[in-house]
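**Q** The structure is given below, and queries will be raised subsequently.
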Amino acid sequence: MSKVLTDREAIREWVIARGGNPVLMDVPDGSKTRTVLQLSFGQASLNSLGNEGPDRIGGFQLVSWEEWFAALDQGNLALMVSDDPSGGNEAEFSFVERDE
């Protein structure tokens, strides 16, 4: 099962409970770059050399929750999260368009 989170405190609590961090990532977009909203779970993924490459110009950038929520609002996005009580990937999520 999944549920869509729009409340800032509910999103923050879900991410923190799973050891996540708010991050932004710069990616190429034609002749310029654009910033992509992301969440990172586990310190290893933040420290990995794999977080940089041709499709990730600056790699991940840890940001404040306020900066991350501003990007979420700007994209009119919500967070769809796994709510499977039987286990599975507890950090499973995706960004979806927010219903007004």
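**Q** Filter the range 1-14 down to the residues that are touching a helix residue (DSSP H, G or I) at 6+ places or on another chain (Cβ under 9 Å) and of a type in the set (A, V, I, L, M, F, W, C), then identify the one that is surrounded by the most Cβ atoms within 10 Å (Cβ to Cβ).
**A** ILE11
**Q** Would you confirm, using the coordinates I've provided, whether VAL36 is more than 19 Å from VAL96 (Cα to Cα) and open to solvent by less than 40 Å² (accessible area, probe 1.4 Å)? If you could, list the steps in order and put the result at the bottom.
**A** On the way: more than 19 Å from VAL96 (Cα to Cα): no; open to solvent by less than 40 Å² (accessible area, probe 1.4 Å): yes.
No: the conditions fail for VAL36.
**Q** Answer yes or no: is there a residue in the range 18-27 that is within 12 Å of the chain's Cα centre (by Cα), at pLDDT below 85 and open to solvent by 30 Å² or more (accessible area, probe 1.4 Å).
**A** no
**Q** Right, something else. Would you point out the residue of the range 57-100, among those that are farther than 17 Å from ALA17 by Cβ and in contact with a Gly (Cβ under 9 Å, 6 or more places away or on another chain), that is modelled with the lowest pLDDT?
**A** GLY59
The values are calculated or read from the model by the stated rules, or taken from the named source; none is laboratory data. Fair warning: this is a prediction, and the values are worked out from it, not measured in the lab. No Cβ is skipped: glycine too gets one built from the backbone with ideal geometry, and neighbour counts run over all protein chains shown. Only protein heavy atoms, including side chains, enter the accessible area calculation; ligands, DNA and RNA are left aside. Shrake-Rupley method; radii C 1.70, N 1.55, O 1.52, S 1.80 Å.
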